Structures are given as structure tokens and as C-alpha cells.
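A.B. asks: The structure's right below; bear with me while I get my questions together.
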């Protein structure tokens, strides 16, 4: 019985770690994507209208 509880605690910790990591990764990807889009649109605008 104690082994089962121990395994359950490990599972919960692993799930929490995975959830925290995925949340962090998703937010980082979102930030980088937003920055990249902003930079890409700025570069495209500069290229199109020739303003440095």
C-alpha cells in the first residue's frame, strides 16, 4: 500500500514537472513568435517602403 502511494506521489510530481515545463515552453514559444512576427513585419515594411 505504501509503495502504491509512493508511486502515486512520483506520478504527480512528474506530471506537475511536465505541466510546468510545457507551460514554460509554450509561453517562451509565444514570446519568441511574437517578437519574430514584429521583427519580420518591420523588416518587410522597411523593405517595401525603403525607409531605413
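A short reminder: the numbers here are calculations on the coordinates, not readings from a lab. For clarity, every value in this text was computed on a predicted model and none was experimentally measured. Heads up, the Cβs are rebuilt from the backbone with ideal geometry, glycines too, and the neighbour counts pull from every protein chain shown.
A.B. asks: Name the one entry in 26, 18 that is within 11 Å of the chain's Cα centre (by Cα), free of Cβ contacts under 8 Å to residues at least 60 places away in the same chain and assigned to a helix (DSSP H, G or I).
C.D. replies: So the residue among 26, 18 that is within 11 Å of the chain's Cα centre (by Cα), free of Cβ contacts under 8 Å to residues at least 60 places away in the same chain and assigned to a helix (DSSP H, G or I) is 26.
A.B. asks: Any idea which of 3, 37 is free of Cβ contacts under 8 Å to residues at least 60 places away in the same chain and surrounded by 10 or more Cβ atoms within 10 Å (Cβ to Cβ)? Write out each step before concluding.
C.D. replies: Working: 3 fails: surrounded by 10 or more Cβ atoms within 10 Å (Cβ to Cβ).
The match here is 37.
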